[in-house]
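The values are calculated or read from the model by the stated rules, or taken from the named source; none is laboratory data. Everything numeric here is computed off the predicted structure, so don't read it as measured data. So basically every Cβ, Gly included, is an ideal-geometry build from the backbone, and we count neighbours across all protein chains shown. All accessible areas refer to the heavy atoms of the entire protein, side chains included, with ligands and DNA or RNA removed. Shrake-Rupley method; radii C 1.70, N 1.55, O 1.52, S 1.80 Å.
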Amino acid sequence: MVTTSKKLVISGYYGFRNSGDEAVLKSILTALEEESHRSGVTIEPIVLSIDPESTTSMYGVRSVHRMKMKEVREAIKESDGLISGGGSLLQDATGLKSIPYYLGVIKLAQWLKKPTFIYAQGIGPVNRKIFNPMIRSVFKGCKYVSVRDEQSADYLRGLGLQWNQIHVVPDPVMGLPLPEGKGVEGALAGAASANSTDVSSAGQTKLPVIGVSVRFWESDRKELTAIASGLKKLCAKKAVHLRFLPFHLPKDEQASRFIMEMLGDVTSKGSEVSIIQDLTDPQLMLEEVSKCDVVIGMRLHSLIYAASQYVPPVGISYDPKIDQFMLRLDSEPIGSTTALDGDKLAKSVAALLDQRSQWLKENEDRITELKQEARVPAQQIINYLGRKG
């Protein structure tokens with residue numbers, strides 16, 4: 001097979017010590033590599049990162065500083081195209097700078113006559129109408145557009161993009177593999193890790209493992225208080241191992257410890273409590289999630305990690321993207337950050353522990369299909385580049 005080599009710049013929220021976004025990058029890189037082997041088109045990634053040295057070290061790819069626009073321009077100029085994605089890049093809920101930055105990078109590539117591709121993005125919320133014509137203009141210039149949910153597709157259709165111009169696919173992290181040599185069944189066996197600090201009573205083994213991924217959101221912390229209440233009620237009913245999984249450092253670790261302090265002495269009744277520390281490698285975090293029996297998550301990618309490893313996810317919604325993902329599993333969040341019942345949370349988790357095999361039976365085929373569909377954007381992009389020689 002004759003092979004051709006193509007350079008692709010990848011733009012996203014990378015290098016910020018956020019395990020979910022790092023998982024997006026790893027998933028994209030993995031999918032591109034696998035598709036390149038199939039197609040004979042060799043991909044040389046150039047990742048835009050806030051910490052290029054860390055990104056290069058972690059993934060073995062070339063990286064340039066995302067805020068040094070001269071370097072960004074030179075990387076795009078020498079490339080054969082640009083990928084923007086995935087994740088929630090185009091939203092103004094967390095500030096006004098994200099949308100102009102990511103659109104600006106795409107527009108720069110278009111000015112340089114490079115093909116641009118939108119890779120499984122979640123669009124919105126876009127609360128300021130001033131951004132709508134900017135998004136419409138940039139997206140109409142893209143060669144391929146894929147989004148991770150119907151809500152994002154509906155938003156783009158509302159801007160005037162044709163329905164057949166938008167491909168709805170799962171989040172790329174659904175296709176992220178475990179570290180080499182690890183399988184789903186084997187990874188479910190245990191919960192201990194060298195990256196944890198146990199605050200449990202000694203000698204407990206083989207307890208059901210409840211992964212907990214939380215973040216700060218409400219100013220009065222009522223969502224974290226409700227989660228702590230639910231976890232205490234769960235531990236009062238049965239002994240479990242509460243395994244806190246901070247996805248975005250250092251804030252998520254602080255949020256986790258906030259709850260841990262509210263739990264009191266749940267270990268006196270046989271439960272265990274531990275927390276993962278300083279873990280940003282997405283595949284190692286995926287491995288930790290795969291060892292859980294249920295995952296309670298505020299972070300979207302904690303829920304995606306869980307589902308991809310056939311672990312029941314219990315979503316707590318702070319953003320419509322949580323609802324959209326749970327809908328893909330024909331489910332819904334247990335509550336929201338503004339309305340969460342601790343007793344309902346405890347009962348739901350206990351029920352999933354008791355009926356885990358039934359949950360797997362009902363969801364296994366759907367999850368397997370989502371994992372396969374997550375590779376479609378990489379296939380489409382490499383097919384395009386292959387046609388262009």
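Just name the residue that is surrounded by the most Cβ atoms within 10 Å (Cβ to Cβ) out of those in segment 369-389 that are closer than 17 Å to Pro177 by Cβ and of a type in the set (Gly, Ala, Ser). The qualifying residue surrounded by the most Cβ atoms within 10 Å (Cβ to Cβ) is Ala378. Among residues that are in a helix (DSSP H, G or I), open to solvent by less than 10 Å² (accessible area, probe 1.4 Å) and not assigned by the TED database to the domain that holds Tyr59, Leu224 is included. Restricting segment 111-141 to residues that are in contact with a Lys or Arg (Cβ under 6 Å, 6 or more places away or on another chain) and assigned to a loop (DSSP other than H, G, I, E, B) leaves a set whose member that is nearest to Arg66 (Cα to Cα) is Leu112. Being within 24 Å of Leu32 (Cβ to Cβ) and open to solvent by 20 Å² or more (accessible area, probe 1.4 Å), is that true of even one residue in segment 148-162? For segment 148-162, residues within 24 Å of Leu32 (Cβ to Cβ) and open to solvent by 20 Å² or more (accessible area, probe 1.4 Å): absent. Among the residues of segment 84-110, the ones that are in contact (Cβ under 8 Å) with a residue 40 or more places away in the chain, part of a loop (DSSP other than H, G, I, E, B) and open to solvent by less than 10 Å² (accessible area, probe 1.4 Å) come to 2 in all. With respect to being at pLDDT 95 or above, closer than 30 Å to Ala255 by Cα and assigned to a helix (DSSP H, G or I), Leu340 falls outside the description. Could we say that Glu44 is touching a helix residue (DSSP H, G or I) at 6+ places or on another chain (Cβ under 7 Å) and either of a type in the set (D, E, K, R) or not assigned by the TED database to the domain that holds Gly86 (or both) here? No. Out of the residues in segment 280-325 meeting the condition of being in a loop (DSSP other than H, G, I, E, B) and open to solvent by less than 10 Å² (accessible area, probe 1.4 Å), tell me which one is nearest to Ser152 (Cα to Cα). Checked segment 280-325; the qualifying residue nearest to Ser152 (Cα to Cα) is Met298.
Scanning segment 355-368 for residues that are of a type outside the set (S, T, N, Q) and either open to solvent by less than 90 Å² (accessible area, probe 1.4 Å) or outside the structural domain of Val314 (by the TED database) (or both) yields Arg356, Trp359, Leu360, Glu364, Arg366, Ile367.
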